[in-house]
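Student: Structure provided below as structure tokens; questions to follow.
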């Protein structure tokens with residue numbers, strides 16, 4: 001029998017009833033549970049004088065959980081620790097999570113210890129782990145079961161998780177639109193898409209006091225100029241965005257989703273009888289995704305274009321070879337960056 005010594009403690013040994021160093025050891029065991037044989041690490045105390053293993057009450061309980069977690073893993077079920085982590089993610093108590101799911105009040109308490117959940121309950125817990133929006137829906141359905149303070153706390157945690165997941169889904173959606181641009185070329189500026197850089201570029205422009213009236217059309221042109229100038233000077237663009245030649249100039253693929261990314265300071269504002277997307281950031285920005293060279297490129301674009309109106313920057317763009325030599329709605333090649341007018 002192979003034992004791994006975890007620690008030694010001098011105490012009265014209940015096995016031989018003498019005081020000596022008692023070892024706490026880990027032993028690989030095999031046992032059958034619900035007709036399935038599994039192996040797991042059990043923890044015991046070992047008396048080397050009597051050459052015997054024994055377990056105190058706490059160790060017996062923990063070994064039972066280890067056995068059942070081994071069974072859970074073998075059956076593809078959540079372990080007790082994984083169930084606890086789901087609950088803690090939402091900062092909800094064991095009893096309240098049971099109430100939220102319409103289960104007995106001690107159900108989660110049992111699942112986090114000695115009782116193995118059935119597959120139906122396991123599927124529900126897995127869905128809860130991956131779907132904060134569903135948690136919010138269940139929370140509103142069970143609102144009358146919680147006091148207002150608890151309800152608001154659970155809602156705040158779930159909403160924060162949902163917002164984080166929402167940004168993740170949005171990023172995947174944008175990246176899916178760039179699936180055909182998975183190799184570096186003159187279409188993506190010889191660099192693969194980096195949404196972290198996209199967000200930082202937008203934030204950098206939005207925070208500059210030298211950029212006036214930054215609305216979506218103007219922002220899209222400034223982003224293209226930044227990528228094109230970087231390609232001209234550095235041999236590669238900054239963001240990896242791919243741009244089309246639309247009537248108002250260069251516009252990146254996925255532009256409608258890009259402005260909804262987390263961290264992008266976009267505000268929908270009224271412009272007469274219409275609406276526009278305005279970008280402004282009243283704080284210092286830290287752009288961890290950008291290099292000093294890239295920020296220097298952005299500063300050049302700001303100096304040249306930051307004070308131009310949307311109409312002026314569109315007219316300026318319309319004179320670029322990159323625009324005039326590209327068919328309408330076609331992809332703009334970064335090869336034209338060599339003749340950039342900046």
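Student: Taking the range 295-309, which residues are in a helix (DSSP H, G or I), surrounded by fewer than 18 Cβ atoms within 10 Å (Cβ to Cβ) and in contact (Cβ under 8 Å) with a residue 12 or more places away in the chain?
Tutor: 295, 300, 303, 304
Student: Could you check the range 69-92 and list, in sequence order, the residues that are assigned to a loop (DSSP other than H, G, I, E, B) and either surrounded by 14 or more Cβ atoms within 10 Å (Cβ to Cβ) or in contact (Cβ under 8 Å) with a residue 60 or more places away in the chain (or both)?
Tutor: Within the range 69-92, 77, 78, 79, 90, 91, 92 meet the criteria.
Student: Quick one: which helices (runs of 4 or more DSSP H) sit completely within the range 100-141 and have at least 2 residues that are under 17 Å from residue 163 (Cβ atoms) and free of Cβ contacts under 8 Å to residues at least 12 places away in the same chain?
Tutor: 132-141
Student: Still on this structure, I have one more. List every residue pair whose Cβ atoms sit under 6 Å apart, with the two residues 6 or more apart in sequence or on different chains, where the first one lies in the range 56-67 and is farther than 18 Å from residue 82 by Cα and the second, anywhere, is at pLDDT 90 or above and outside any helix (DSSP H, G or I).
Tutor: 59/43
Student: Scan the range 268-279 residue by residue and report those that are modelled with pLDDT of 90 or more and surrounded by fewer than 16 Cβ atoms within 10 Å (Cβ to Cβ).
Tutor: 268, 276, listed by residue number.
Student: When you scan the range 176-278 for helices (runs of 4 or more DSSP H) that lie fully inside it, which ones turn up with 2 or more residues that are over 24 Å from residue 308 (Cα atoms)?
Tutor: 195-207
Student: Mind checking which residues of the range 215-240 are touching a strand residue (DSSP E or B) at 6+ places or on another chain (Cβ under 9 Å) and closer than 16 Å to residue 287 by Cβ?
Tutor: 219, 223, 227, 239
Student: A further question follows. List, please: which pairs have Cβ atoms under 7 Å, are six or more places apart or on different chains, and start with a residue in the range 253-269 that is without any contact (Cβ under 8 Å) to a residue 12 or more places away in the chain and end with one that is surrounded by 14 or more Cβ atoms within 10 Å (Cβ to Cβ)?
Tutor: As it stands, the answer is 268/277; 269/276; 269/278, since those pairs meet every condition given.
Student: Residue by residue through the range 165-192, note down the ones that are surrounded by 21 or more Cβ atoms within 10 Å (Cβ to Cβ) and either on the phi < 0 side of the Ramachandran plot or out of contact with any helix residue (DSSP H, G or I) (no Cβ under 6 Å at 6 or more places or on another chain) (or both).
Tutor: 174, 188, 191
Student: Among the residues of the range 319-335, count how many are under 20 Å from residue 217 (Cβ atoms) and surrounded by 14 or more Cβ atoms within 10 Å (Cβ to Cβ).
Tutor: Residues that pass the stated criteria total 6.
Student: Limited to the range 281-294, what total is found for residues that are in a helix (DSSP H, G or I) and crowded, with 16+ Cβ neighbours inside 10 Å?
Tutor: Final tally of qualifying residues: 1.
The values are calculated or read from the model by the stated rules, or taken from the named source; none is laboratory data. It should be emphasised that the depicted structure is a prediction, and the values quoted were computed from it without experimental measurement. A quick note on method: Cβ atoms are made from the backbone with ideal geometry, for glycine too, and the neighbour counts reach across all protein chains shown.
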